[in-house]
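Heads up: the structure comes next, in structure tokens.
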Amino acid sequence: MDGYNVIFAWEELKELAEKSLDGARGKLLDLLCNYQAVRGCNLIAVFDAYRLAGHATEVLDYHNIHVVYTKEAETADQYIEKFAHENSKKYDVTVATSDGLEQIIIIGEGCKLISSRELKEEMEQAARQVLQDFQSSHPQEKHSFANALSPQAKQELENI
């Protein structure tokens, strides 16, 4: 997924990026970690570092996902295109981006495509499903004062 494309496509991350790009990037990575845990997919977030003189491609693990910072003079789009070309025949690759030209190239490589907006909806749906699954497997008991009392204490109160 094209990290900065997603950050600037999601309003809450875009607002955060205006104050702190590092903060927005960290928030996105945390959300992606949660999503990966639910869906069990291999997830790679790619960020442009092409404006940083002398920067080599950097691949890091952030909890349960992979993060790539591109090398100098390489955009996230270029990295994603190369990855798609090299891996689309071996793996089921889905790319998240809202860049129109990038979408055409990705589809041409035989990859699936999801827009930044669709990714947000998918991630929200996954979070809702986890919550529903948890709630259905852990029914809530009503917490009341009467439920906290021992049977003897309840009897004493009734006698009063």
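The values are calculated or read from the model by the stated rules, or taken from the named source; none is laboratory data. Predicted, not measured: the structure shown is a model, and the values here were computed from it. Side chains are part of the model used for accessible areas, which takes the heavy atoms of the whole protein and leaves out ligands, DNA and RNA. Shrake-Rupley method; radii C 1.70, N 1.55, O 1.52, S 1.80 Å.
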Accessible area of the chain belonging to carbon and sulfur atoms, whole % at 1.4 Å probe
52 percent
Pulled fully out, how much extra length does the chain show between K71 and N34, if you take 0.36 nm times their separation in residues and subtract their Cα-Cα distance?
10.6 nm
For S98, other-chain or 5+-apart residues with amide H closer than 5 Å (H placed, Pro excluded) are S116
Using alpha-carbon pairs under 8 Å, 6+ residues apart, how would you state the relative contact order of region 13-101 in percent?
21 percent
Using 10 Å bins from zero, what percent of all Cα-Cα pairs in the chain falls into each bin?
10, 31, 28, 10, 7, 7, 5, 3, 0
Rounded to the nearest 5, the percent of antiparallel DSSP beta bridges in the chain equals 40 percent
Calculated on alpha-carbon atoms, Rg and Dmax of region 1-50 in Å
10.9, 32
